[in-house]
Structures are given as C-alpha cells and as structure tokens.
Amino acid sequence: MGRRPLRVAYVVAVAAALAMLARPLPAQFEEADTIPRLAIGVFGELDFRGARGSLPEPDSRTVSFGGAPAVGARVEYRVTGTLTAAILGSFARLQERLEAGSVRDIGSEKFSMLQVAGEFLLKVKAGIPGYFVVGGGVRQAIPDADNPADQFHNIDSFSEPLGILGAGLEFGSTRRRAFRIDLRVHFISPADQLRFETKSLETDFSFGLGFMLRL
C-alpha cells in the first residue's frame, strides 16, 4: 500500500475514533430546547495539500499548493439533536510547490484561495460531543502573477469543486459557546492547466480548531 492510501486510512481512523468514543459533555445533558439552535463561529486550519498534477516529461516533478494555513467563519443551525447544517467560508495565501523525491521547490508567486462550502454535522447520539462531517463546495484560486512564465498554474483565476469528509469533537461546551477540533479530508477536482497535466483527483487533509458562539 502506498503512502497516500495509508495516510487516508490513518486520518479516517482517527476521525472516527474522535466522533464515536468521545464522552458526553455537561452541556449535552441539557434539554435540547434550552440550547440555542443558531450559532456563528470562527476557525483556523492547518492544511496538508496533495499533488495536483505533474510537469511534462522528462521533468519528473509534481505540482501542488503549499501547506499555508486557512482562516474562516461559519454559521450553523441545529436541525435536530443529531443533525446540524452549516455554511462556511475560508481564506488562505498559497504558493506553488514542486517536488521530485526528497527535493522540494517553492514558487515565488502567491495565490489567494477562497473556499465556500456547506456541511452536515452528524452525531451518533445527541449526548455525544463527537460528530461526523460530510459536505461539499467550491474553491477559487486567484493568482497574483500576470506573466505566464512566472508560475506553472494559469494566470487567470480558476474554480474547483470539492467534497468533504471528516469528524470532530466539541470541548469546553456550555449553553452559549463551544470549542471544536476537526479532522477533514478534501477531495478536489483540479481545474485544467496549460503548463502541466492535472490529476483527476487532489486529496487534501486539514486539522482545524474553532470557536462557536450560540445565539
């Protein structure tokens, strides 16, 4: 088994353990109608972004985006005790990363990455603070460069659809606020590029921390 499948399996196993084995927190014992349904929050993510494609032969380097952190905000509505719907957006500043074996080069030009997504948070039981995440959305990359020779990605902005799977855990939860820790896997369909051949699927991993305020 290659490194990528092993990494996916490890993240999924850890995420499932967070969601299924977490013990109930005091706030979860309150009656459901005493906890506000609407919540807003902020979050930060550390992202580990996978390869997007490879340069034409004989160049053996793969092309990806660097692992710069992302920051964002989200709005949630608790539909039932076990189902919450959310809308979120995030922003990151990235650079190209070229890799061949153990050799890694970082491009000089930067990109602004905007991401908008919808998610469902699914609990096994209402009294358990762990949850699974499933969702999807779109992200847009906006290059700073205006010279095609300065980078391998297109200089025009481009959008890419994505799917999301993951799990998380609430802690420090009260009637009015909660903290979050999340693990997510993002499955992206890379946009076609002129200077390199894109893969059919890019796999990114993220580790996030967040704060939610219940209104």
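The values are calculated or read from the model by the stated rules, or taken from the named source; none is laboratory data. Here the structure is a predicted model, which is why all the values come from computation and not from measurement. Counting neighbours? That spans all protein chains shown, and the Cβs are built from the backbone with ideal geometry, glycine included.
Summary table below
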item	result
Qualifying positions in the stretch 165-205 - in contact with a His (Cβ under 6 Å, 6 or more places away or on another chain) and assigned to a strand (DSSP E or B)	D204
Test: residue in the stretch 206-215 that is out of contact with any Phe, Trp or Tyr (no Cβ under 9 Å at 6 or more places or on another chain) and in a loop (DSSP other than H, G, I, E, B)	yes
Residue that is touching a residue at least 40 places away in the same chain (Cβ under 8 Å), over 27 Å from P58 (Cα atoms) and either more than 19 Å from the chain's Cα centre (by Cα) or exposed (fewer than 15 other Cβ atoms within 10 Å of the Cβ) (or both), where the choices are L215, L169	L215
Extreme residue, nearest to L55 (Cα to Cα), among residues of the stretch 195-212 that are in contact (Cβ under 8 Å) with a residue 60 or more places away in the chain and polar (S, T, N, Q)	T198
Residue satisfying all of: in the stretch 125-159; part of a loop (DSSP other than H, G, I, E, B) and touching a Phe, Trp or Tyr at 6+ places or on another chain (Cβ under 8 Å); farthest from R61 (Cα to Cα) among these	G127
Qualifying residue in the stretch 120-142 (condition: in contact with a Pro (Cβ under 6 Å, 6 or more places away or on another chain) and modelled with pLDDT of 95 or more)	yes
Filtered residues of the stretch 38-66 (kept if small (G, A, S) and surrounded by fewer than 17 Cβ atoms within 10 Å (Cβ to Cβ))	G44, S60
Positions within the stretch 172-184 being surrounded by fewer than 20 Cβ atoms within 10 Å (Cβ to Cβ) and either out of contact with any strand residue (DSSP E or B) (no Cβ under 6 Å at 6 or more places or on another chain) or not basic (K, R) (or both), in sequence order	G172, T174, R175, F179, I181
Qualifying positions in the stretch 124-166 - over 29 Å from F179 (Cβ atoms), under 23 Å from the mean Cα position of the chain (by Cα) and among the small types (G, A, S)	A141, S157, S159
Contacts under 8 angstrom Cβ, first residue in the stretch 173-194 being in contact (Cβ under 8 Å) with a residue 24 or more places away in the chain, partner among the β-branched types (V, I, T) and exposed (fewer than 14 other Cβ atoms within 10 Å of the Cβ), 6 or more apart	R175/T34; L183/V14
Residue satisfying condition, being surrounded by fewer than 16 Cβ atoms within 10 Å (Cβ to Cβ) and of a type outside the set (G, A, S), within set R74, R93, R78, R97	R93
Residue within the stretch 111-120 that is buried (at least 17 other Cβ atoms within 10 Å of the Cβ), in contact with a Leu (Cβ under 9 Å, 6 or more places away or on another chain), in a strand (DSSP E or B) and aromatic (F, W, Y) present	yes
